[in-house]
Amino acid sequence: MPHPDIALPRLLAHRGLSAHAPENTLAAVRAAHDAGCDWVELDVQLLGDGTPVIWHDATVLRCSDGRGRLAELDLPAARRLDVGAWFGDAFRGERIATLAEMLALIAELGMGLNLELKVNRGRSAAALVESALPKALDALPPERLIVSSFDDDALACAREIAPPSRLALGVLFEGMTRDWRARCEAVSAFGVHADWRRLSRRGAAAVKAEGYALLCYTPNDPAAFANRWGWGVDAAISDDPTCYTGHLP
Ligand code: G3P
Ligand code: MG
């Protein structure tokens, strides 16, 4: 079955333009757009009340002025957090973005989205997918959406909701495991999303030989990453795509 006709860019902004703005915020996506990025990668998970929000960690400690687990917050409590000041005074007052708000912004800006289904320990993959995925499918056309996850249950659940022709799925790998083909085949994957430091030349060749798109996270040094383009890597998911100017093949 064919996949959506995705025009994958060379560079996606990881968690938004997270080198220059607080990660996973509306400000980070606007910054990415202003910097000329066409696509962003963002993490989604559920608050305790079931609201999907754009957030990476299991807790709010690192990226807000609060503490505690995301799963223990409802939306009003999450909204009280300042999620920008930790990064810099210019971002003071930034609020956690719901998935709905973020999708509206990305649609308005005409950007593409790699939405990572972030299933932190003890959280339900099915609950996340059933809540988040229909919203993403409603908001964005097939050629501007890639949904990825480290979690095979989340990927399987996503594939049950939408066929390959409607939804490009990316399988996330820390290291390429022996079962990488089986993981990809199980969900009719569009792409392999690999840790750039753990990807080998041989592994890259095998992925490309099977016809998968190959995306690497999170290379932030264009010189160190330079030879990977020659391995067949299609796209880099970087905190700072702006630093690749003049460094792309
Ligand atoms: O989706 C690529 C990358 O974001 C995966 O790792 O921990 O940054 O979400 P992480
Ligand atoms: Mg991510």
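Values quoted throughout were computed directly from the atomic coordinates according to the rules given, and no laboratory measurement underlies them. Predicted, not measured: the structure shown is a model, and the values here were computed from it. For neighbour counting, all protein chains shown are included, and Cβ atoms are generated from backbone atoms with ideal geometry for every residue, glycine included.
Model label points for Asp179 and Cys243, set 7 angstrom from Cα along the Cα-to-Cβ axis, are 3.5 nm apart. Between Trp180, Val53, Ile96, the Cα set farthest toward the positive side of the dipole of the chain (charges on each charged residue's Cβ, about the Cα centre) is that of Trp180.
A straight line joining the Cα centroids of the range 12-34 and the range 171-249 runs 21 Å. One decimal place: the segment Arg80-Ala104 gains 6.5 nm when fully extended, by the rule 0.36 nm per residue minus the C-alpha distance. With all pairs of different C-alpha atoms in the average, the Kirkwood value for the hydrodynamic radius of the chain is 18.1 Å.
Each of Thr218, Ala206, Ala235 was scored by the projection of its Cα onto the charge dipole of the range 192-249, and the greatest displacement toward the positive side belongs to Ala206; charges sit on the C-beta of Lys, Arg, Asp and Glu. Taken about its Cα centre, the chain carries a charge dipole of about 540 debye when Lys and Arg each add +1 at the Cβ and Asp and Glu each add -1 at the Cβ. Each label was represented as a point 7 Å from its Cα along the Cα-to-Cβ direction; for Ala224 and Arg201 these points are 2.0 nm apart. When the helices of the chain are scored as -39500 (n - 2.57) per DSSP H run of n ≥ 4 and the total is divided over every residue, the value at 222 nm lands at -8500 deg cm²/dmol.
Evaluate 2.2 N^0.38 Å with N set to the residue count of the range 161-249, then give the Cα radius of gyration divided by it. All intermediate terms of the calculation are to be shown ahead of the outcome.
Details: Rg = 13.3 Å, N = 89, 2.2 N^0.38 = 12.1 Å.
Here the Cα radius of gyration is 1.10 times the empirical estimate.
Normalised by the number of residues in the range 13-138, the mean separation of alpha-carbon contacts (under 8 Å, six or more apart) gives a relative contact order of 26 percent. A simple packing score, the average count of other Cβ atoms within 10 Å per residue, orders the peptides 183-189, 65-71 as 183-189, 65-71, with the highest score first.
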